[in-house]
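Here the structure is laid out as C-alpha coordinates; the discussion comes afterwards.
The values are calculated or read from the model by the stated rules, or taken from the named source; none is laboratory data. Fair warning: this is a prediction, and the values are worked out from it, not measured in the lab. Heads up, the Cβs are rebuilt from the backbone with ideal geometry, glycines too, and the neighbour counts pull from every protein chain shown. Note: accessible area is taken over every heavy atom of the protein model, side chains too, but ligands, DNA and RNA are not part of it. Shrake-Rupley method; radii C 1.70, N 1.55, O 1.52, S 1.80 Å.
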Amino acid sequence: MTQAIELQSVTRRFRNDNALEDVTLAVPDGAICGLLGRNGAGKTTVMSLISGQDRPTTGRVLVDGDDPFENEAVLSSISFVRDNQRYPDDYFLHHVLSIAPAFAPHWDGELAAELVEGFRLPRKPAIRKFSRGQLSAVAIVLGLASRAPVTLLDEPYLGLDATARGLFHDLLLRDLGRHPRTLLLSTHLIDESDSLFDHVVLMDRGRVVLRAEAEEARRVAMCVSGVADAVQAFCADYPVLRSHSIGGLRTSTVTGRLDDDARSRAATLGVQLKGASLQDLAVAYGSGDSLQDSSKEGISA
Amino acid sequence: MNGIQAATRLHLTKKNMTFGVPVQIVGLVAVISALIALIIWRAGGTPGSAEWITGARSNGGMAFGLLGFLVYLGVQSIATTFPFALTLGSTRKAFVGGTLVWAAVTSAYLAVIYAVLLLVELATDHWFASVYIFDVYYLGTGDLLILLPTVFLGSLSALTIGALFGASWARFGNRGPVFLGAGLAIGLLGLLALVLPSITGSVLDGFRLWWLAVAAVVIIAVSAVMTLLLLRSAVVR
(Lines give C-alpha, C1' and ligand atoms only; values in the text may rest on other atoms or scores of the structure.)
Protein backbone atom coordinates (compact mmCIF):
# COMPACT_ATOMS: atom_id res chain seq x y z
CA MET A 1 0.00 0.00 0.00
CA THR A 2 1.33 3.46 -0.91
CA GLN A 3 2.00 5.74 2.03
CA ALA A 4 0.57 9.25 1.72
CA ILE A 5 2.39 10.45 4.85
CA GLU A 6 5.59 9.16 6.41
CA LEU A 7 7.59 10.36 9.39
CA GLN A 8 10.91 8.58 9.81
CA SER A 9 12.64 8.92 13.20
CA VAL A 10 11.53 12.52 13.50
CA THR A 11 12.64 14.63 16.44
CA ARG A 12 11.61 18.26 16.84
CA ARG A 13 13.42 20.20 19.52
CA PHE A 14 12.46 23.69 20.71
CA ARG A 15 15.44 24.97 22.69
CA ASN A 16 15.85 22.32 25.37
CA ASP A 17 12.43 20.70 25.02
CA ASN A 18 11.70 17.84 22.67
CA ALA A 19 8.22 18.41 21.25
CA LEU A 20 8.66 15.18 19.29
CA GLU A 21 11.12 12.41 20.00
CA ASP A 22 12.04 9.77 17.45
CA VAL A 23 8.58 9.65 15.91
CA THR A 24 8.01 7.14 13.16
CA LEU A 25 4.60 6.73 11.58
CA ALA A 26 2.96 6.15 8.23
CA VAL A 27 -0.53 6.91 6.96
CA PRO A 28 -1.60 4.92 3.90
CA ASP A 29 -3.03 6.65 0.87
CA GLY A 30 -6.79 7.14 1.31
CA ALA A 31 -6.80 6.32 5.04
CA ILE A 32 -8.80 8.14 7.68
CA CYS A 33 -6.38 8.27 10.54
CA GLY A 34 -7.10 9.47 14.05
CA LEU A 35 -4.24 11.30 15.74
CA LEU A 36 -4.94 10.97 19.44
CA GLY A 37 -3.29 12.07 22.64
CA ARG A 38 -3.43 14.58 25.44
CA ASN A 39 -2.75 18.29 25.11
CA GLY A 40 0.96 18.75 24.49
CA ALA A 41 1.38 15.22 23.19
CA GLY A 42 2.78 16.58 19.90
CA LYS A 43 -0.21 16.22 17.56
CA THR A 44 -0.14 19.76 16.16
CA THR A 45 3.64 19.61 15.80
CA VAL A 46 3.26 16.46 13.70
CA MET A 47 0.69 18.18 11.47
CA SER A 48 2.85 21.27 11.25
CA LEU A 49 5.76 19.17 9.97
CA ILE A 50 3.59 17.28 7.49
CA SER A 51 2.26 20.56 6.07
CA GLY A 52 5.73 22.06 5.68
CA GLN A 53 5.04 24.77 8.23
CA ASP A 54 7.98 23.50 10.24
CA ARG A 55 11.05 21.33 9.74
CA PRO A 56 12.23 18.44 11.90
CA THR A 57 15.39 18.85 13.95
CA THR A 58 16.37 15.35 12.83
CA GLY A 59 14.64 12.69 10.74
CA ARG A 60 12.57 12.87 7.56
CA VAL A 61 9.03 13.88 6.71
CA LEU A 62 7.59 12.71 3.40
CA VAL A 63 4.24 13.44 1.75
CA ASP A 64 3.62 11.31 -1.31
CA GLY A 65 7.33 10.49 -1.19
CA ASP A 66 8.57 14.10 -1.20
CA ASP A 67 9.77 16.53 1.45
CA PRO A 68 6.93 19.07 1.84
CA PHE A 69 9.11 21.95 3.08
CA GLU A 70 9.13 24.74 0.45
CA ASN A 71 7.79 22.25 -2.10
CA GLU A 72 5.06 24.07 -4.03
CA ALA A 73 3.69 20.96 -5.74
CA VAL A 74 3.37 19.02 -2.49
CA LEU A 75 2.00 21.96 -0.49
CA SER A 76 -0.77 22.52 -3.02
CA SER A 77 -1.98 19.01 -2.22
CA ILE A 78 -2.15 19.58 1.57
CA SER A 79 -4.71 21.37 3.69
CA PHE A 80 -3.89 22.17 7.31
CA VAL A 81 -5.64 24.73 9.47
CA ARG A 82 -4.30 24.70 13.02
CA ASP A 83 -6.65 24.89 15.99
CA ASN A 84 -5.35 28.34 16.96
CA GLN A 85 -5.10 29.59 13.36
CA ARG A 86 -4.34 33.30 12.99
CA TYR A 87 -5.91 35.32 10.19
CA PRO A 88 -4.68 38.62 8.71
CA ASP A 89 -5.84 41.82 10.44
CA ASP A 90 -9.38 42.86 9.50
CA TYR A 91 -10.07 39.66 7.61
CA PHE A 92 -13.71 38.77 7.01
CA LEU A 93 -15.23 35.46 5.97
CA HIS A 94 -15.61 36.62 2.37
CA HIS A 95 -11.85 37.32 2.24
CA VAL A 96 -11.16 33.70 3.21
CA LEU A 97 -13.65 32.32 0.69
CA SER A 98 -12.30 34.48 -2.12
CA ILE A 99 -8.60 33.72 -1.59
CA ALA A 100 -8.70 29.99 -0.77
CA PRO A 101 -9.36 28.85 -4.38
CA ALA A 102 -6.19 30.64 -5.51
CA PHE A 103 -4.16 28.16 -3.46
CA ALA A 104 -6.36 25.06 -3.62
CA PRO A 105 -6.61 23.64 -7.14
CA HIS A 106 -9.49 21.31 -6.19
CA TRP A 107 -11.54 23.95 -4.32
CA ASP A 108 -15.30 23.34 -4.36
CA GLY A 109 -17.20 26.61 -3.98
CA GLU A 110 -20.58 24.91 -3.67
CA LEU A 111 -19.41 22.73 -0.80
CA ALA A 112 -17.92 25.81 0.89
CA ALA A 113 -21.24 27.65 0.54
CA GLU A 114 -23.12 24.63 1.91
CA LEU A 115 -20.82 24.46 4.94
CA VAL A 116 -21.04 28.21 5.58
CA GLU A 117 -24.82 27.94 5.45
CA GLY A 118 -24.92 24.80 7.60
CA PHE A 119 -22.64 26.25 10.29
CA ARG A 120 -24.51 29.58 10.10
CA LEU A 121 -21.24 31.46 9.81
CA PRO A 122 -21.81 35.22 9.92
CA ARG A 123 -20.43 37.38 7.12
CA LYS A 124 -20.38 40.64 9.02
CA PRO A 125 -17.94 40.69 11.97
CA ALA A 126 -14.20 40.33 11.36
CA ILE A 127 -12.93 36.80 11.87
CA ARG A 128 -10.96 37.83 14.96
CA LYS A 129 -14.33 38.44 16.63
CA PHE A 130 -15.60 34.92 15.87
CA SER A 131 -16.37 32.55 18.73
CA ARG A 132 -14.28 29.41 19.27
CA GLY A 133 -16.91 27.28 17.53
CA GLN A 134 -17.13 29.66 14.57
CA LEU A 135 -13.35 29.57 14.18
CA SER A 136 -13.50 25.78 14.12
CA ALA A 137 -16.22 25.98 11.48
CA VAL A 138 -14.06 28.25 9.28
CA ALA A 139 -11.24 25.70 9.60
CA ILE A 140 -13.62 22.93 8.55
CA VAL A 141 -14.80 24.95 5.54
CA LEU A 142 -11.17 25.43 4.45
CA GLY A 143 -10.27 21.82 5.16
CA LEU A 144 -13.16 20.15 3.39
CA ALA A 145 -13.83 22.53 0.49
CA SER A 146 -10.15 22.53 -0.51
CA ARG A 147 -10.54 18.82 -1.37
CA ALA A 148 -6.81 18.52 -0.77
CA PRO A 149 -5.51 14.96 -1.34
CA VAL A 150 -3.93 15.17 2.12
CA THR A 151 -6.26 16.88 4.58
CA LEU A 152 -5.18 17.55 8.16
CA LEU A 153 -7.90 18.55 10.60
CA ASP A 154 -6.59 19.81 13.94
CA GLU A 155 -9.21 19.53 16.68
CA PRO A 156 -12.08 20.35 14.28
CA TYR A 157 -14.71 19.90 17.02
CA LEU A 158 -13.39 22.60 19.36
CA GLY A 159 -16.32 24.71 20.51
CA LEU A 160 -18.79 23.22 17.98
CA ASP A 161 -22.31 22.61 19.23
CA ALA A 162 -23.87 19.16 18.87
CA THR A 163 -25.80 20.11 15.71
CA ALA A 164 -22.68 21.47 14.06
CA ARG A 165 -20.70 18.37 14.99
CA GLY A 166 -23.40 16.20 13.42
CA LEU A 167 -23.36 18.31 10.28
CA PHE A 168 -19.58 18.05 10.10
CA HIS A 169 -19.76 14.26 10.40
CA ASP A 170 -22.43 13.94 7.73
CA LEU A 171 -20.74 16.20 5.22
CA LEU A 172 -17.31 14.71 5.90
CA LEU A 173 -18.54 11.18 5.22
CA ARG A 174 -20.53 12.25 2.17
CA ASP A 175 -17.62 14.16 0.66
CA LEU A 176 -15.04 11.50 1.44
CA GLY A 177 -17.32 8.99 -0.25
CA ARG A 178 -17.45 11.09 -3.41
CA HIS A 179 -13.88 12.36 -3.29
CA PRO A 180 -11.65 9.96 -1.37
CA ARG A 181 -8.55 11.47 0.16
CA THR A 182 -6.13 10.91 3.01
CA LEU A 183 -7.43 12.40 6.24
CA LEU A 184 -5.48 12.90 9.46
CA LEU A 185 -7.75 14.10 12.24
CA SER A 186 -6.73 15.03 15.77
CA THR A 187 -9.43 15.16 18.40
CA HIS A 188 -10.21 14.77 22.07
CA LEU A 189 -13.82 13.72 21.32
CA ILE A 190 -12.68 10.21 20.49
CA ASP A 191 -15.94 8.36 21.03
CA GLU A 192 -17.71 10.67 18.56
CA SER A 193 -15.09 10.08 15.87
CA ASP A 194 -14.32 6.46 16.64
CA SER A 195 -16.39 5.07 13.80
CA LEU A 196 -14.63 7.29 11.25
CA PHE A 197 -11.13 5.98 11.78
CA ASP A 198 -9.58 3.12 9.90
CA HIS A 199 -6.13 3.88 11.35
CA VAL A 200 -5.03 5.28 14.68
CA VAL A 201 -1.87 6.92 15.98
CA LEU A 202 -1.72 7.50 19.71
CA MET A 203 0.85 9.92 21.08
CA ASP A 204 2.06 10.80 24.54
CA ARG A 205 4.77 13.29 25.53
CA GLY A 206 6.12 13.61 22.01
CA ARG A 207 6.31 9.91 21.33
CA VAL A 208 4.14 7.48 19.40
CA VAL A 209 2.83 4.93 21.88
CA LEU A 210 0.52 3.10 19.50
CA ARG A 211 0.04 3.02 15.75
CA ALA A 212 -2.26 0.46 14.25
CA GLU A 213 -5.31 -0.13 12.12
CA ALA A 214 -8.33 0.99 14.11
CA GLU A 215 -9.79 -2.53 14.32
CA GLU A 216 -6.52 -3.87 15.65
CA ALA A 217 -6.22 -0.98 18.12
CA ARG A 218 -9.68 -1.79 19.52
CA ARG A 219 -8.40 -5.32 20.33
CA VAL A 220 -5.16 -4.24 21.94
CA ALA A 221 -6.51 -3.79 25.45
CA MET A 222 -9.42 -4.50 27.75
CA CYS A 223 -11.03 -2.87 30.74
CA VAL A 224 -11.67 -4.87 33.88
CA SER A 225 -13.74 -3.64 36.81
CA GLY A 226 -15.03 -4.98 40.09
CA VAL A 227 -13.95 -5.48 43.67
CA ALA A 228 -10.41 -4.20 44.06
CA ASP A 229 -8.84 -7.48 45.17
CA ALA A 230 -10.46 -9.45 42.36
CA VAL A 231 -9.43 -6.89 39.76
CA GLN A 232 -5.90 -6.89 41.11
CA ALA A 233 -5.83 -10.66 40.91
CA PHE A 234 -7.03 -10.57 37.30
CA CYS A 235 -4.41 -7.97 36.41
CA ALA A 236 -1.56 -10.02 37.76
CA ASP A 237 -1.04 -11.64 34.36
CA TYR A 238 -1.43 -8.51 32.24
CA PRO A 239 0.54 -5.26 31.82
CA VAL A 240 -1.58 -2.53 33.41
CA LEU A 241 -1.97 0.72 31.50
CA ARG A 242 -4.15 2.53 34.02
CA SER A 243 -5.93 1.86 37.27
CA HIS A 244 -8.53 3.84 39.10
CA SER A 245 -10.08 3.06 42.47
CA ILE A 246 -13.13 4.40 44.22
CA GLY A 247 -13.70 2.95 47.66
CA GLY A 248 -13.43 -0.78 47.38
CA LEU A 249 -14.04 -0.82 43.62
CA ARG A 250 -11.36 -0.71 41.01
CA THR A 251 -11.18 -0.32 37.24
CA SER A 252 -8.08 -1.18 35.28
CA THR A 253 -7.14 -1.00 31.63
CA VAL A 254 -4.71 -3.73 30.67
CA THR A 255 -3.07 -4.75 27.44
CA GLY A 256 -4.17 -8.12 26.18
CA ARG A 257 -6.82 -9.65 23.98
CA LEU A 258 -10.35 -10.18 25.13
CA ASP A 259 -10.32 -13.91 24.35
CA ASP A 260 -11.93 -16.99 25.91
CA ASP A 261 -9.15 -17.37 28.48
CA ALA A 262 -9.65 -13.80 29.69
CA ARG A 263 -13.42 -14.25 29.83
CA SER A 264 -13.16 -17.47 31.76
CA ARG A 265 -10.68 -15.95 34.23
CA ALA A 266 -12.94 -12.91 34.70
CA ALA A 267 -15.93 -15.17 35.35
CA THR A 268 -13.97 -17.12 37.94
CA LEU A 269 -12.88 -13.96 39.76
CA GLY A 270 -16.27 -12.28 39.40
CA VAL A 271 -15.08 -9.17 37.58
CA GLN A 272 -16.60 -7.33 34.61
CA LEU A 273 -14.66 -7.36 31.37
CA LYS A 274 -15.02 -5.37 28.14
CA GLY A 275 -12.83 -4.47 25.19
CA ALA A 276 -11.10 -1.11 25.54
CA SER A 277 -12.40 1.54 23.17
CA LEU A 278 -10.05 4.01 21.48
CA GLN A 279 -11.10 6.52 24.12
CA ASP A 280 -10.18 4.06 26.90
CA LEU A 281 -6.82 3.51 25.23
CA ALA A 282 -6.14 7.24 24.86
CA VAL A 283 -7.04 7.86 28.49
CA ALA A 284 -4.93 4.92 29.64
CA TYR A 285 -1.83 5.83 27.67
CA GLY A 286 -2.27 9.50 28.53
CA SER A 287 -2.41 8.77 32.24
CA GLY A 288 1.26 7.90 32.32
CA ASP A 289 0.62 4.80 34.46
CA SER A 290 1.90 2.58 31.70
CA LEU A 291 5.26 4.27 31.97
CA GLN A 292 5.40 4.15 35.75
CA ASP A 293 3.97 2.18 38.61
CA SER A 294 0.57 0.94 37.58
CA SER A 295 -1.12 1.44 40.94
CA LYS A 296 -2.10 5.00 41.65
CA GLU A 297 -4.81 4.51 44.14
CA GLY A 298 -7.61 7.01 44.38
CA ILE A 299 -6.56 9.36 41.61
CA SER A 300 -7.72 9.55 38.05
CA ALA A 301 -4.27 8.75 36.83
CA MET B 1 -2.00 30.67 -10.92
CA ASN B 2 1.57 30.38 -9.67
CA GLY B 3 2.63 30.80 -6.06
CA ILE B 4 3.76 34.42 -6.34
CA GLN B 5 0.53 35.47 -8.07
CA ALA B 6 -1.53 33.69 -5.41
CA ALA B 7 0.43 35.38 -2.60
CA THR B 8 -0.03 38.76 -4.29
CA ARG B 9 -3.77 38.13 -4.46
CA LEU B 10 -3.76 37.16 -0.79
CA HIS B 11 -2.65 40.70 0.07
CA LEU B 12 -4.91 42.33 -2.49
CA THR B 13 -8.04 40.72 -1.07
CA LYS B 14 -7.97 43.48 1.54
CA LYS B 15 -8.74 46.20 -0.99
CA ASN B 16 -9.73 48.84 1.52
CA MET B 17 -6.48 48.57 3.44
CA THR B 18 -4.36 48.64 0.27
CA PHE B 19 -6.25 51.18 -1.82
CA GLY B 20 -8.80 52.91 0.40
CA VAL B 21 -7.03 53.88 3.62
CA PRO B 22 -4.00 55.55 1.92
CA VAL B 23 -6.33 57.80 -0.09
CA GLN B 24 -8.21 58.69 3.09
CA ILE B 25 -4.90 59.65 4.75
CA VAL B 26 -3.90 61.71 1.67
CA GLY B 27 -7.27 63.50 1.86
CA LEU B 28 -6.83 64.19 5.57
CA VAL B 29 -3.29 65.59 5.07
CA ALA B 30 -4.59 67.75 2.21
CA VAL B 31 -7.34 69.19 4.41
CA ILE B 32 -4.84 69.90 7.22
CA SER B 33 -2.47 71.59 4.71
CA ALA B 34 -5.34 73.77 3.44
CA LEU B 35 -6.30 74.70 7.01
CA ILE B 36 -2.70 75.66 7.84
CA ALA B 37 -2.61 77.82 4.69
CA LEU B 38 -5.87 79.47 5.83
CA ILE B 39 -4.40 80.18 9.28
CA ILE B 40 -1.26 81.74 7.75
CA TRP B 41 -3.42 83.87 5.44
CA ARG B 42 -5.55 85.00 8.38
CA ALA B 43 -2.36 85.79 10.30
CA GLY B 44 -1.32 88.24 7.59
CA GLY B 45 0.39 86.18 4.92
CA THR B 46 -0.02 87.18 1.29
CA PRO B 47 -1.10 84.27 -0.94
CA GLY B 48 0.95 84.11 -4.16
CA SER B 49 3.82 86.24 -2.87
CA ALA B 50 7.38 84.95 -3.23
CA GLU B 51 7.66 84.54 0.54
CA TRP B 52 4.34 82.65 0.66
CA ILE B 53 5.36 80.28 -2.13
CA THR B 54 8.75 79.53 -0.55
CA GLY B 55 7.14 78.76 2.79
CA ALA B 56 4.25 76.77 1.32
CA ARG B 57 6.56 74.61 -0.79
CA SER B 58 8.36 73.50 2.37
CA ASN B 59 5.18 71.64 3.36
CA GLY B 60 6.30 68.08 4.13
CA GLY B 61 2.84 66.76 5.03
CA MET B 62 2.28 64.83 1.81
CA ALA B 63 5.85 63.50 1.72
CA PHE B 64 5.85 62.13 5.28
CA GLY B 65 2.17 61.82 6.23
CA LEU B 66 1.83 58.29 4.86
CA LEU B 67 5.15 56.94 6.14
CA GLY B 68 3.85 55.64 9.46
CA PHE B 69 0.88 53.91 7.85
CA LEU B 70 3.04 52.36 5.13
CA VAL B 71 5.50 50.95 7.67
CA TYR B 72 2.56 49.50 9.64
CA LEU B 73 1.09 48.06 6.44
CA GLY B 74 4.47 46.46 5.72
CA VAL B 75 4.67 44.98 9.23
CA GLN B 76 1.20 43.44 9.07
CA SER B 77 1.78 42.17 5.52
CA ILE B 78 4.15 39.68 7.14
CA ALA B 79 3.32 39.44 10.84
CA THR B 80 -0.35 38.53 10.56
CA THR B 81 -0.49 37.29 6.97
CA PHE B 82 2.45 34.88 6.97
CA PRO B 83 0.78 32.20 9.16
CA PHE B 84 -2.34 32.25 7.00
CA ALA B 85 -0.29 32.12 3.79
CA LEU B 86 1.43 28.94 4.99
CA THR B 87 -1.94 27.51 5.98
CA LEU B 88 -3.19 28.08 2.45
CA GLY B 89 -0.16 26.21 1.10
CA SER B 90 2.19 28.99 0.05
CA THR B 91 5.93 28.45 0.14
CA ARG B 92 7.95 30.99 2.07
CA LYS B 93 9.73 32.06 -1.11
CA ALA B 94 6.50 32.59 -3.05
CA PHE B 95 5.02 34.49 -0.11
CA VAL B 96 7.94 36.92 0.06
CA GLY B 97 7.83 37.28 -3.74
CA GLY B 98 4.09 37.96 -3.68
CA THR B 99 4.50 40.42 -0.82
CA LEU B 100 7.12 42.32 -2.81
CA VAL B 101 4.87 42.43 -5.90
CA TRP B 102 1.96 43.65 -3.76
CA ALA B 103 4.18 46.34 -2.22
CA ALA B 104 5.23 47.44 -5.72
CA VAL B 105 1.58 47.56 -6.87
CA THR B 106 0.62 49.62 -3.80
CA SER B 107 3.56 52.00 -4.34
CA ALA B 108 2.75 52.42 -8.04
CA TYR B 109 -0.89 53.13 -7.15
CA LEU B 110 0.19 55.83 -4.68
CA ALA B 111 2.60 57.36 -7.21
CA VAL B 112 -0.23 57.59 -9.76
CA ILE B 113 -2.61 59.13 -7.17
CA TYR B 114 0.02 61.72 -6.25
CA ALA B 115 0.74 62.45 -9.92
CA VAL B 116 -2.92 62.97 -10.79
CA LEU B 117 -3.46 65.23 -7.79
CA LEU B 118 -0.32 67.21 -8.65
CA LEU B 119 -1.68 67.77 -12.17
CA VAL B 120 -5.00 68.94 -10.71
CA GLU B 121 -3.13 71.23 -8.32
CA LEU B 122 -1.14 72.78 -11.15
CA ALA B 123 -4.20 73.06 -13.42
CA THR B 124 -6.18 74.88 -10.70
CA ASP B 125 -3.31 77.22 -9.83
CA HIS B 126 -2.92 75.45 -6.49
CA TRP B 127 -6.56 74.82 -5.71
CA PHE B 128 -7.54 78.42 -6.57
CA ALA B 129 -6.03 79.61 -3.29
CA SER B 130 -2.23 79.23 -3.46
CA VAL B 131 -2.41 76.06 -1.37
CA TYR B 132 0.71 73.98 -2.01
CA ILE B 133 0.13 70.32 -1.22
CA PHE B 134 1.85 68.29 -3.96
CA ASP B 135 3.88 71.03 -5.65
CA VAL B 136 6.45 71.00 -2.83
CA TYR B 137 10.24 70.71 -2.60
CA TYR B 138 10.20 67.19 -1.16
CA LEU B 139 8.21 65.90 -4.16
CA GLY B 140 10.12 67.63 -6.96
CA THR B 141 8.51 71.10 -7.02
CA GLY B 142 5.89 70.23 -9.58
CA ASP B 143 8.15 67.98 -11.71
CA LEU B 144 6.30 64.72 -12.47
CA LEU B 145 9.53 62.98 -13.42
CA ILE B 146 10.80 63.53 -9.89
CA LEU B 147 7.50 63.03 -8.07
CA LEU B 148 6.74 59.63 -9.62
CA PRO B 149 10.01 57.84 -8.67
CA THR B 150 10.14 59.66 -5.32
CA VAL B 151 6.70 58.46 -4.24
CA PHE B 152 7.17 54.99 -5.73
CA LEU B 153 10.59 54.30 -4.21
CA GLY B 154 9.75 56.04 -0.92
CA SER B 155 6.56 54.00 -0.47
CA LEU B 156 8.25 50.76 -1.49
CA SER B 157 11.10 51.42 0.95
CA ALA B 158 8.66 52.03 3.81
CA LEU B 159 6.65 48.89 2.99
CA THR B 160 9.71 46.63 2.69
CA ILE B 161 11.30 48.00 5.87
CA GLY B 162 8.00 47.36 7.66
CA ALA B 163 7.94 43.85 6.17
CA LEU B 164 11.46 43.25 7.48
CA PHE B 165 10.39 44.22 10.99
CA GLY B 166 7.35 41.95 10.64
CA ALA B 167 9.62 39.08 9.58
CA SER B 168 11.93 39.67 12.55
CA TRP B 169 8.87 39.36 14.80
CA ALA B 170 7.71 36.18 13.04
CA ARG B 171 11.19 34.69 13.49
CA PHE B 172 12.25 35.86 16.96
CA GLY B 173 9.04 37.06 18.60
CA ASN B 174 9.13 40.31 20.58
CA ARG B 175 12.94 40.33 20.68
CA GLY B 176 13.15 40.46 16.87
CA PRO B 177 12.04 44.07 16.20
CA VAL B 178 13.89 45.32 19.30
CA PHE B 179 17.23 43.85 18.23
CA LEU B 180 16.68 44.71 14.55
CA GLY B 181 15.84 48.34 15.43
CA ALA B 182 18.80 48.63 17.80
CA GLY B 183 21.11 46.98 15.27
CA LEU B 184 20.02 49.31 12.47
CA ALA B 185 20.39 52.39 14.70
CA ILE B 186 23.88 51.38 15.86
CA GLY B 187 24.89 50.49 12.29
CA LEU B 188 23.67 53.81 10.89
CA LEU B 189 25.32 55.85 13.65
CA GLY B 190 28.58 53.95 13.17
CA LEU B 191 28.46 54.54 9.44
CA LEU B 192 27.82 58.23 9.99
CA ALA B 193 30.76 58.44 12.40
CA LEU B 194 32.95 56.83 9.75
CA VAL B 195 31.91 58.84 6.70
CA LEU B 196 31.00 62.20 8.23
CA PRO B 197 34.59 63.55 8.34
CA SER B 198 35.04 62.79 4.62
CA ILE B 199 31.83 64.57 3.59
CA THR B 200 33.21 67.89 2.50
CA GLY B 201 31.63 70.84 0.80
CA SER B 202 32.63 69.53 -2.62
CA VAL B 203 30.81 66.24 -1.99
CA LEU B 204 27.69 68.10 -0.92
CA ASP B 205 27.93 70.37 -3.95
CA GLY B 206 28.16 67.31 -6.18
CA PHE B 207 25.11 65.64 -4.60
CA ARG B 208 22.70 64.24 -7.16
CA LEU B 209 19.10 63.18 -6.56
CA TRP B 210 19.67 59.80 -8.17
CA TRP B 211 21.95 58.90 -5.27
CA LEU B 212 18.82 58.71 -3.13
CA ALA B 213 17.13 56.53 -5.75
CA VAL B 214 20.09 54.13 -5.67
CA ALA B 215 20.01 54.13 -1.87
CA ALA B 216 16.27 53.32 -1.95
CA VAL B 217 16.80 50.44 -4.38
CA VAL B 218 19.54 49.03 -2.12
CA ILE B 219 17.28 49.36 0.96
CA ILE B 220 14.42 47.61 -0.85
CA ALA B 221 16.63 44.77 -2.11
CA VAL B 222 18.38 44.21 1.24
CA SER B 223 15.05 44.31 3.14
CA ALA B 224 13.47 41.77 0.77
CA VAL B 225 16.43 39.36 0.99
CA MET B 226 16.61 39.65 4.79
CA THR B 227 12.84 39.11 5.02
CA LEU B 228 13.18 35.87 3.05
CA LEU B 229 16.13 34.70 5.17
CA LEU B 230 14.21 35.37 8.40
CA LEU B 231 11.02 33.69 7.19
CA ARG B 232 12.82 30.61 5.91
CA SER B 233 13.54 29.58 9.46
CA ALA B 234 10.42 31.07 11.07
CA VAL B 235 8.09 28.61 12.76
CA VAL B 236 4.34 29.17 12.84
CA ARG B 237 2.89 28.41 16.27
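Restricting A:V240, A:V201, A:V227 to residues that are in contact with a Leu (Cβ under 8 Å, 6 or more places away or on another chain), at pLDDT 90 or above and open to solvent by 10 Å² or more (accessible area, probe 1.4 Å) narrows the list to A:V227.
A single entry from A:A26, A:A31, A:A41 fulfils the requirement of being closer than 27 Å to A:S195 by Cα, open to solvent by less than 60 Å² (accessible area, probe 1.4 Å) and either of a type in the set (D, E) or touching a His at 6+ places or on another chain (Cβ under 7 Å) (or both): A:A31.
Scoring B:F172 on the criteria (1) surrounded by fewer than 20 Cβ atoms within 10 Å (Cβ to Cβ); (2) of a type outside the set (D, E, K, R); (3) on the phi > 0 side of the Ramachandran plot leaves a single failure, condition (3). Quick check: is even one residue across the range B:152-162 within 14 Å of chain A (Cβ to nearest Cβ) and crowded, with 17+ Cβ neighbours inside 10 Å? Within the range B:152-162, one or more residues are within 14 Å of chain A (Cβ to nearest Cβ) and crowded, with 17+ Cβ neighbours inside 10 Å. Based on what the data block shows, is A:T57 assigned by the TED database to the domain that holds A:R15, of a type in the set (S, T, N, Q) and crowded, with 21+ Cβ neighbours inside 10 Å? Criteria not met by A:T57.
Just for helices (runs of 4 or more DSSP H) wholly inside the range B:34-85: which have at least 1 residues that are charged (D, E, K, R) and crowded, with 21+ Cβ neighbours inside 10 Å? Walk me through it before giving the result.
Working: elements: B:50-56, B:61-64, B:67-79.
Correct list: empty, since no element meets the threshold.
Filtering the range A:47-86 to residues that are more than 25 Å from A:T187 (Cα to Cα), within 12 Å of chain B (Cβ to nearest Cβ) and hydroxyl-bearing (S, T, Y) leaves only A:T57. Scanning the range A:113-127 for residues that are in a helix (DSSP H, G or I) and either exposed (fewer than 14 other Cβ atoms within 10 Å of the Cβ) or away from chain B (no Cβ under 14 Å) (or both) turns up A:A113, A:E114, A:L115, A:V116, A:E117, A:G118.
When the range B:10-21 is filtered for residues that are without any contact (Cβ under 8 Å) to a residue 24 or more places away in the chain, at the interface with chain A (Cβ under 10 Å from one of its Cβ atoms) and not hydroxyl-bearing (S, T, Y), the ones remaining, listed by number, are B:K14, B:K15, B:N16.
Among the candidates B:Y137, B:Y114, which residue alone is more than 14 Å from chain A (Cβ to nearest Cβ), crowded, with 16+ Cβ neighbours inside 10 Å and among the hydroxyl-bearing types (S, T, Y)?
Details: B:Y137 fails: crowded, with 16+ Cβ neighbours inside 10 Å.
Every option except B:Y114 fails the conditions.
All told, A:A164 falls short of being over 18 Å from the mean Cα position of the chain (by Cα), within 14 Å of chain B (Cβ to nearest Cβ), of a type in the set (A, V, I, L, M) and open to solvent by less than 40 Å² (accessible area, probe 1.4 Å).
Which of the residues spanning the range A:25-45 are closer than 16 Å to A:R211 by Cα, of a type outside the set (G, A, S) and away from chain B (no Cβ under 14 Å)? Lay out the reasoning, then the answer.
Looking only at the range A:25-45, we keep the residues that are closer than 16 Å to A:R211 by Cα, and these are A:25-29, A:31-38, A:41-43.
Narrowing the set further to residues that are of a type outside the set (G, A, S) leaves A:25, A:27-29, A:32-33, A:35-36, A:38, A:43.
If the condition is that a residue be closer than 16 Å to A:R211 by Cα, of a type outside the set (G, A, S) and away from chain B (no Cβ under 14 Å), then A:L25, A:V27, A:P28, A:D29, A:I32, A:C33, A:L35, A:L36, A:R38 are the ones that fit.
Specify which of the listed residues (A:E216, A:E192, A:E114) is acidic (D, E) and modelled with pLDDT of 95 or more.
Values: A:E216 fails: modelled with pLDDT of 95 or more; A:E192 fails: modelled with pLDDT of 95 or more.
Answer to the check: A:E114.
The single residue among A:P105, A:P101, A:P149 that is within 14 Å of chain B (Cβ to nearest Cβ) and touching a strand residue (DSSP E or B) at 6+ places or on another chain (Cβ under 9 Å) turns out to be A:P149.
For the range B:188-196, indicate whether the set of residues that are open to solvent by less than 50 Å² (accessible area, probe 1.4 Å) and within 21 Å of A:E70 (Cα to Cα) is non-empty. Looking for residues that are open to solvent by less than 50 Å² (accessible area, probe 1.4 Å) and within 21 Å of A:E70 (Cα to Cα), one finds none in the range B:188-196, hence no. Being within 14 Å of chain A (Cβ to nearest Cβ), modelled with pLDDT of 95 or more and either under 30 Å from B:V222 (Cα atoms) or assigned to a helix (DSSP H, G or I) (or both) holds for only one residue in B:Q5, B:Q24, and it is B:Q5. Every condition in (1) polar (S, T, N, Q); (2) surrounded by 16 or more Cβ atoms within 10 Å (Cβ to Cβ); (3) at pLDDT 95 or above is met by A:S9 except one, and the failing one is (2).
Being of a type in the set (V, I, T) and closer than 16 Å to B:S155 by Cβ is the filter; apply it to the range B:8-21 and report the residue that is modelled with the highest pLDDT.
First, the residues of the range B:8-21 that are of a type in the set (V, I, T): B:8, B:13, B:18, B:21.
Then keep just the ones that are closer than 16 Å to B:S155 by Cβ; that gives B:18, B:21.
Working: B:T18: 93, B:V21: 96.
Here the residue is B:V21.
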